[in-house]
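I have placed the structure first, in the form of structure tokens, so that the comments after it can refer back to it.
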Amino acid sequence: MDYNPTIVKSLSDLPTYVQDSIKNHLLNKLGNDFYKLLTFESCLVIDYKELVRQDPKVLNYKWQVPKYDLGFYIIQKQTGINYCCSRMSLDSSGLVINNIDFPSYKINPQSTVFADLTQIKKTSKKLGFNPDNYAIDIVDDHIVLKFTRTKRSKYIEYLEISAHTGQKVRQFKVTGIIDWY
């Protein structure tokens with residue numbers, strides 16, 4: 001398929017009613033303080049008629065094709081978050097189809113508080129994980145630093161530490177084929 005949606009690099013290039021919908025929704029979910037941390041990355045504007053013209057199989061999709069697919073990110077270097085992104089999508093009326101994954105301040109009132117990376121790494125090391133090898137994820141309304149370790153090639157163990165509190169969110173194992181390549 002050769003369809004390429006229009007890429008918008010500034011929120012101000014979107015219709016005013018879409019800008020208002022985005023802002024109101026993000027403020028309601030994230031709160032004012034987290035909203036201020038967000039940086040807009042880009043928006044794909046999808047022309048549904050053109051998409052269907054170029055790929056008629058779109059008519060068989062079991063999900064709603066959005067008109068606007070927006071990306072946002074935050075950076076909190078003191079916590080080791082060099083880049084954490086999330087997307088949201090809206091229909092042509094500006095109604096949310098897929099919500100942004102960043103923490104809801106109503107569920108996690110500490111969503112704008114960030115622990116020090118040194119504290120998080122100490123917790124990781126204390127629990128037997130390499131403190132210098134982690135990924136960023138969003139779990140249960142927390143941005144987490146996810147550490148991993150492999151045990152005798154039998155399973156991978158994960159440790160998720162909240163970037164907000166510095167406390168362990170969960171620790172779990174995944175078994176299966178891990179040396180398949």
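Table: residues versus (1) in the same structural domain as E41 (by TED's automatic domain parsing); (2) of a type in the set (D, E).
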residue	(1), (2)
S92	yes, no
Q110	no, no
K126	no, no
D132	no, yes
V144	no, no
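Just a yes or no: is a residue in the range 56-66 modelled with pLDDT of 95 or more and within 14 Å of the chain's Cα centre (by Cα)?
Narrowing the range 56-66 to residues modelled with pLDDT of 95 or more: 66.
Pick out the ones that are also within 14 Å of the chain's Cα centre (by Cα) and you get none.
Scanning the range 56-66 turns up no residue that is modelled with pLDDT of 95 or more and within 14 Å of the chain's Cα centre (by Cα).
Here is a check on your reading of the model: is K77 outside the structural domain of T165 (by TED's automatic domain parsing) and over 20 Å from L145 (Cβ atoms)?
Working: outside the structural domain of T165 (by TED's automatic domain parsing): yes; over 20 Å from L145 (Cβ atoms): no.
Considered against the rule, which asks whether it is outside the structural domain of T165 (by TED's automatic domain parsing) and over 20 Å from L145 (Cβ atoms), K77 comes out as no.
Tally the residues that are in contact with a Leu (Cβ under 8 Å, 6 or more places away or on another chain) and of a type in the set (S, T, Y), restricting the search to the range 1-49.
Selection size over the range 1-49: 5.
Name every residue in the range 83-117 that is touching a residue at least 40 places away in the same chain (Cβ under 8 Å), of a type outside the set (F, W, Y) and within 15 Å of L37 (Cα to Cα), in order of residue number.
Across the range 83-117, the qualifying residues are C84, C85, S86, I100, P103, S104, Q110, S111, T112, V113.
Quick check on K126: is it modelled with pLDDT of 95 or more and loosely packed, with under 13 Cβ neighbours inside 10 Å? Step through it out loud before you land on a result.
Numbers: modelled with pLDDT of 95 or more: yes; loosely packed, with under 13 Cβ neighbours inside 10 Å: yes.
Yes: the conditions hold for K126.
I'm trying to understand the selection: among the residues of the range 81-95, which are hydroxyl-bearing (S, T, Y), in a loop (DSSP other than H, G, I, E, B) and in contact with a strand residue (DSSP E or B) (Cβ under 9 Å, 6 or more places away or on another chain)? Explain how you work it out, then say what you get.
Our first condition is that a residue be hydroxyl-bearing (S, T, Y); within the range 81-95, this holds for 83, 86, 89, 92-93.
Then drop every residue that is not in a loop (DSSP other than H, G, I, E, B), which leaves 92-93.
S92, the sole residue that qualifies.
Which fully enclosed strands (runs of 3 or more DSSP E) of the range 1-80 have 1 or more residues being in contact (Cβ under 8 Å) with a residue 40 or more places away in the chain and surrounded by 13 or more Cβ atoms within 10 Å (Cβ to Cβ)?
Values: elements: 6-8, 39-45, 68-76.
Counting at least 1 such residues, we get 39-45, 68-76.
With I161, I156, I143, I136 as the choices, which residue is more than 28 Å from V18 (Cα to Cα) and in contact with a helix residue (DSSP H, G or I) (Cβ under 9 Å, 6 or more places away or on another chain)?
Values: I156 fails: in contact with a helix residue (DSSP H, G or I) (Cβ under 9 Å, 6 or more places away or on another chain); I143 fails: more than 28 Å from V18 (Cα to Cα); I136 fails: in contact with a helix residue (DSSP H, G or I) (Cβ under 9 Å, 6 or more places away or on another chain).
None of the others qualify; the one that does is I161.
The values are calculated or read from the model by the stated rules, or taken from the named source; none is laboratory data. Model, not experiment: these values are computed from the prediction. For neighbour counting, all protein chains shown are included, and Cβ atoms are generated from backbone atoms with ideal geometry for every residue, glycine included.
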